[in-house]
1. In the range 1-42, what residues are surrounded by fewer than 13 Cβ atoms within 10 Å (Cβ to Cβ) and among the polar types (S, T, N, Q)?
2. Can you pull out the helices (runs of 4 or more DSSP H) entirely within the range 10-68 that have at least 2 residues that are touching a residue at least 40 places away in the same chain (Cβ under 8 Å) and touching a helix residue (DSSP H, G or I) at 6+ places or on another chain (Cβ under 9 Å)?
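What follows draws every value from the coordinates through simple rules; no lab data is involved. Keep in mind it's a predicted model, so treat the numbers as computed, not measured. Heads up, the Cβs are rebuilt from the backbone with ideal geometry, glycines too, and the neighbour counts pull from every protein chain shown.
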Amino acid sequence: MEEKMKILYYIALTLVIVGAINWLLIGIFEFDLVGTIFGAMSILSRIIYILVGISGLISIGLYPKVNN
């Protein structure tokens, strides 16, 4: 079970990083990388945005791990 959680945290962290980079590009250049690659608010873009949001929520569980 612990190994599955570790994999989930790695996936979540990767998606959070992708989301952070996308927001950086939006903030600096007004360029939406996800929207450009998958189409502005296409179903695939929306799925990616949802997964990034869920990953952010999952990442809340990493706070206790920072102290270890």
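1. Of everything in the range 1-42, those that are surrounded by fewer than 13 Cβ atoms within 10 Å (Cβ to Cβ) and among the polar types (S, T, N, Q) turn out to be T14, T36.
2. 43-59
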